[in-house]
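The values are calculated or read from the model by the stated rules, or taken from the named source; none is laboratory data. The structure presented is a predicted model; accordingly, all values stated were derived computationally and were not measured. Using ideal geometry, Cβ is built from the backbone for each residue, glycine included, and neighbour counts are taken over all protein chains shown. SASA here: full protein model, heavy atoms, side chains in, ligands and nucleic acids out. Shrake-Rupley method; radii C 1.70, N 1.55, O 1.52, S 1.80 Å.
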Amino acid sequence: MSDQDRVKWDKRYAEGAYAGRDHPSALLAERLSELPLPPRGERPRALDVACGAGRNSLYLARHGFRVDAIDIAANGLQRGRERAERDGLSDHISWYCQDLFADSHYPHTGYALIVVFRFVANPILPDLGRLLAPGGILMVESHLHWPDPQVVLSGPQTPAFRVKSGQLRECVAPLEGFDILLDEEGLVEEPDG
C-alpha cells in the first residue's frame, strides 16, 4: 500500500466509515469453535491483518485470544482501541499501525490463528503462513471477482481489490505442510446489508 492508501483509509475512518459494523465476520463467528486450535489454558495468540477498526480483533479477544491487530489506518486503530477500553479488552489486544507490504516485521511468531478479512494480501500469505505455530490456522476471506454481471455486489468495485477464483489456494500452495481445511466461494449477506 502507499501513503495515498494510508491517507484514504485514515480519512474514511475519521469520517465514520464502518462505525455501525461491530459484528465479526460471519466466517469467523461460524467457524471459530470448529477450528482445531490449541487448548485454551493460556490465551493463544492471534494476528488480525488489516484489522480496520478491530471488529474481528475484539471478537477474538472476547473468545480467549491475545490479539495483535495491524492496520495502515491510525484512525481505524484508534477507534478499535477505544472500543477495547470500553469493553474491558485492552489487556488482550495490541494495536500496530504499519503497512505490511512495505514493512514485513510482525510483532510475534507462533500464532495459533491468523485472520485476513476483506483485504487482498496475496503477496504476503506465504509469509503469514510461516508465522503460524505448528497446527495453527490461517483464515482468509476476500472479495471475489464474481462472474455474473447481473449480481450487484457490495465492497470494492476495482478488480485489484478482489481475488479470482482459486487464487488464494495458489498463494498458499508453496507452503510445506500446509493443509487447506476449507475452500469456499460464494455470496455472503452481511447483517448490515
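So the values come out like this:
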| read-out | value |
| --- | --- |
| Selection count, segment 175-187, where residues are on the phi < 0 side of the Ramachandran plot and modelled with pLDDT of 70 or more | 8 |
| Test result for ARG83, open to solvent by less than 60 Å² (accessible area, probe 1.4 Å) and of a type in the set (Lys, Arg) | yes |
| Lone qualifier among ARG21, ARG6, ARG83, ARG31 - being touching a Leu at 6+ places or on another chain (Cβ under 9 Å), farther than 20 Å from HIS108 by Cα, modelled with pLDDT under 90 and of a type in the set (D, E, K, R) | ARG31 |
| Residues located in segment 34-46, provided they are open to solvent by less than 50 Å² (accessible area, probe 1.4 Å), in a loop (DSSP other than H, G, I, E, B) and modelled with pLDDT of 70 or more | LEU35, PRO44 |
| Unique match (being surrounded by fewer than 22 Cβ atoms within 10 Å (Cβ to Cβ) and in contact with a Leu (Cβ under 7 Å, 6 or more places away or on another chain)) among HIS105, HIS63, HIS92 | HIS63 |
